[in-house]
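Input: a single structure, listed below in structure tokens.
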Amino acid sequence: MRPFENKVWLSSPTMHGDELVYVKEAYETNWMSTVGKNIDEAERIVAEKIGCKYAVGLSSGTAALHLCMKLAGITLGTKVFCSDVTFAATVNPVVYEGGVPIFIDTEMDTWNMDPTALEKAFALYPEVKHVVMANLYGVPGKLDEIRAICDRHGAILIEDAAESMGATYKGRQTGTFGDLGIISFNGNKIITGSSGGMLLTDDKERANKARKWSTQSRENAAWYQHEEVGYNYRMSNVIAGVVRGQLPYLEEHIAQKKAIYMRYKEGLKGLPIQMNPYDEQNAEPNFWLSCMLIDRDAMCKQVRGETEALYCSEHGKSCPTEILEKLAAINAEGRPIWKPMHMQPIFRMHGFVTRGGNGRGRTNAYIEGESVDAGMDLFERGLCLPSDNKMTPEQQDVIIEVIRSCFE
Ligand SMILES: *Cc1c(COP(=O)(O)O)cnc(C)c1O
């Protein structure tokens, strides 16, 4: 197959022109700082769209998460239950504050934090009062159940909606189920500012605290007066101009991403795989990334070290490593499923709780009839497919053909 002339990306920025208008406005009015109309408007529109009282514009989703950890009272030694299959930015901010992440295994219905494992974790660590969960790849997790478990144990829930902006669960936007929530405008997200993020809350005091901390914690005085540690985390008015220009296109981007997901689902029919699943009754994902999971008995032999992978090609079978290699050969970008946090060298000594209890020390990711270490199972058998808005149906057909050829 001839490689694409222009690379088909996993997910790249999709600009529309309005972004430049607002950036230019910032330039021409000289609001080239972390104050200005673009920030005010972006915050107002996001709060309205998402249905929360306050959205605080910050330099990144990671910065927003960091301020969430501080607002939630995480400090040296605080144990925090965290999503396991997620991007590292979900959990790094816990560590910034000296907190200790304990990872909660994943369920196979939405690939998010498993409420059964979370309940188990509260039995093992009754002292824990903080939960950080992400909605992976734009698919809402079991938010009602997780919220109810947190309430039952008096725990604060922080919802990382960095990948799921615009997705809804029972008609409500993700990012509003936690006591605190965040979204990201990183370049690969469904709406981008090139960078940036926002903290979401209904609590005026928390919003004001976050704003103050993000601007070096200046007290109300004529000089620089400080009573608390501060950060340089405020969103730039230029970045906010890009965000402001992008926001009206959120729904269009979601529709395009959904069409891509459906086209894969149709095109890959008959193969021993499934697409990343969601609760079709209650959830409407934003379909940020389309992913696939290979059936266990259709996996060829694949071995992964810490940084390299090998596989043996087998008739009728395949594996993520083979498919990613074949996609790269036609100039298309896929990616393995986010490697579980409990498998990362940096978190090797941290707790990991599965439905069965302590999930450490397992040698196989999957035991027949028993769900153990679902995250590792997903990592071994799953991959993210090229999901760029600007991919044409013709390009996607070629990608589908390449994937089909891997199973021949
Ligand atoms: C992208 C991402 C973040 C971090 O957002 P940045 O704006 O890149 O700092 C956090 N959590 C998840 C799940 C993400 O995918």
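The packing ranking of peptides 133-139, 400-406, highest mean first, is 133-139, 400-406, where packing means the average number of other beta carbon atoms within 10 angstrom of each residue.
Applying both filters, DSSP loop and at most 15 other Cβ atoms within 10 Å, to the trypsin sites (Lys or Arg not before Pro) of the stretch 24-131 gives 53.
Here the 3J(HN,Hα) profile of the stretch 322-327, calculated from phi with Karplus coefficients 6.51, -1.76 and 1.60 at θ = phi - 60°, is 5, 5, 4, 5, 5, 5 Hz, Gly and Pro shown as x.
Taking other Cβ atoms within 10 Å as a rough exposure proxy, 335, 381 sort from fewest to most as 335, 381. Under the convention that each Lys and Arg Cβ holds +1 and each Asp and Glu Cβ holds -1, the size of the dipole of the chain around its Cα centre is about 560 debye. Between residue 76 and residue 2, the C-beta separation translates, for a Förster distance of 56 Å, into a calculated FRET efficiency of about 0.50.
With 0.36 nm allotted per residue and the present C-alpha distance subtracted, the residue 252-residue 282 stretch has 8.7 nm of extension available.
DSSP loop (so not H, G, I, E, B), at most 12 other Cβ within 10 Å: list which GluC sites (Glu not before Pro) in the stretch 122-222 pass both filters.
Numbers: sites: 127, 145, 159, 163, 205, 219; in loops: 127, 163, 219.
The qualifying sites are 127, 219.
Residues 203, 179 in ascending order of nearby Cβ atoms (within 10 Å, fewest first): 203, 179. The listed peptides 230-237, 277-284, ordered by packing as a protection proxy, come out as 230-237, 277-284 (highest mean of other Cβ atoms within 10 Å first).
For the residue pairs 204/257; 189/212; 7/258; 269/339; 301/326; 301/339, the C-alpha atoms sit more than 23 angstrom apart in 204/257; 189/212; 269/339. Highest mean first, the peptides 85-91, 293-299, 304-310, 258-264 sorted by other C-beta atoms within 10 Å per residue fall in the order 85-91, 258-264, 293-299, 304-310.
Between the alpha-carbon centres of the stretch 174-226 and the stretch 259-315 there is a gap of 35 Å.
Near the amide H of residue 283, within less than 5 Å, lie the amide hydrogens of 170, all on another chain or at least 5 residues away, with H placed in the peptide plane.
Given Cα pairs under 8 Å that are at least 6 residues apart, what percent is the relative contact order of the chain? Write down the numbers at each step before the final one.
Working: 917 pairs, mean separation 94.2, N = 408.
Relative contact order, the chain: 23 percent.
The stretch between residue 328 and residue 145 holds 62.0 nm of extra length on full extension. This uses 0.36 nm per residue minus the Cα-Cα distance. Spacing of the modelled spin labels on residue 222 and residue 274, each 7 Å from Cα toward Cβ, amounts to 6.8 nm. Distance between the 7 Å Cα→Cβ label points at residue 298 and residue 12: 3.0 nm.
About the Cα centre, and with charges only on the beta carbon of Lys, Arg (+1) and Asp, Glu (-1), how big is the dipole of the stretch 8-86? Nearest 20 debye, please.
The calculation lands at about 400 debye.
One decimal place: the segment residue 346-residue 124 gains 77.7 nm when fully extended, by the rule 0.36 nm per residue minus the C-alpha distance. Hand me the GluC sites (Glu not before Pro) from the stretch 1-51 located in a DSSP loop with no more than 11 other Cβ atoms within 10 Å, in residue order please. The qualifying sites are 5. For residue 103, the residues 5 or more places off, or on other chains, whose built amide H falls under 5 Å of its own are 82, 351, 352, 353. Per-residue Cβ neighbour counts within 10 Å put 111, 223, 338, 9 in the sequence 223, 9, 338, 111, beginning with the fewest.
Rule-based calculations on the coordinates, nothing more; no lab input. Since the structure is predicted, the reported quantities are computational estimates derived from the model, not experimental observations. FYI the Cβ positions are ideal-geometry reconstructions off the backbone, even for glycines, and counts take in every protein chain you see.
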